[in-house]
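Notes follow the structure.
The values are calculated or read from the model by the stated rules, or taken from the named source; none is laboratory data. Predicted model only: the values in this text are computed from it and were never measured. Note that we place each Cβ from the backbone using ideal geometry, even for glycine, and neighbour counts take in every protein chain shown. Accessible surface areas use protein heavy atoms only, side chains included; no ligands, DNA or RNA. Shrake-Rupley method; radii C 1.70, N 1.55, O 1.52, S 1.80 Å.
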Amino acid sequence: GTEREQIIVIMREILTIGKIINHNIKFDCKMIRHFLDIDFVPAGDTIQLSRLVSPDALEHGLKRLAGIHLGMFDYDEGLRQYVATHPECDYAKGGTYGNIPLDVILPYGGKDVSATRMLHDKLYEQLTEKQRDLYNQMIIKADYALGLIEENGFKIDYWLVERYRTIYQAVMDNKYLPAMKPDKHVKQYLH
């Protein structure tokens, strides 16, 4: 088959058997499900690690983090130069990265993967034990689940929602529980 078909076959194998770590993996999961019809459970996300390590930072972009933490400044220079001279590859000009030849995109992709892996290891080492538990047991799993919800929505039990709304409103209005504080009494009515 074509180079593209061969790459897709390899990607399917990697995604279904490997531990996948990306930067903003929720987005990558969505794109891979959309374009390749492959679903995989992520093992790590450097953007989530960065948010744990530096919660006050306003920017968590991979290129910035790779520069700061790994000294990998401007590793995308070859790609940027190519895109600047080929409008069919520039999103801002109606192009797409799909038009970039493999001999340009693969070296960039390799550096991107390398930066992501090294950044993941470096940031993970900076987490406390509690942060590691939170990251492994909740953040990665919740991020994956939220990506699925963003794509597919979720069903709501309207009867249950209305019941909770009515109870909450009654408690907040203090109509039925005048002598009790709502925060202490709500649990009894919600079960």
Excluding VAL83 itself, what net charge comes from residues whose Cβ is under 12 Å from its Cβ, given Lys and Arg +1 and Asp and Glu -1?
-2
Springs between alpha-carbon atoms under 10 Å, Gaussian network over the chain: tell me which of ALA66, ALA84, ALA43 tops the mean-square fluctuations.
ALA84
Taking only the Cα positions of region 114-155, the convex hull volume per residue in Å³ is 71 Å³
With no solvent term and unit scatterers on the alpha-carbon positions of region 1-70, Debye gives log₁₀ I(q)/I(0) at q = 0.13, 0.26, 0.28 Å⁻¹ of -0.47, -1.11, -1.20
Excluding exposed DSSP-loop chymotrypsin sites (Phe, Trp or Tyr not before Pro) (at most 15 other C-beta within 10 Å), longest clean stretch of the chain:
74-153
Tell me the per residue accessible area of region 67-145 using a 1.4 Å probe; a whole number in Å² is fine.
62 Å²
Calculate log10 I(q)/I(0) of region 41-129 for q = 0.10, 0.19, 0.21, 0.22 Å⁻¹, where I(q) comes from the Debye formula with a single equal point scatterer on each Cα and nothing for solvent.
-0.32, -0.91, -1.01, -1.05
Going by accessible area, probe 1.4 Å, with all protein chains left in place, what is the ranking of MET118, MET138, largest first?
MET138, MET118
With every protein chain present, what accessible area does GLU13 have (1.4 Å probe, heavy atoms only), rounded to the nearest 10 Å²?
110 Å²
Give me the three principal axis extents of the chain from the C-alpha atoms, as integers in angstrom, largest value leading.
73, 37, 36
So, counting K/R as plus one and D/E as minus one, what does the shell of residues with Cβ under 12 Å around PHE27 add up to?
-2
For region 80-147, which whole-number percentage of the solvent-accessible area (1.4 Å probe, protein heavy atoms only) is attributable to carbon and sulfur atoms?
58 percent
When each of LYS26/LYS130; LYS63/LYS155; LYS111/LYS155; LYS19/LYS93; LYS93/LYS155 is checked by Cα-Cα distance, pairs over 32 Å
LYS63/LYS155; LYS111/LYS155; LYS19/LYS93; LYS93/LYS155
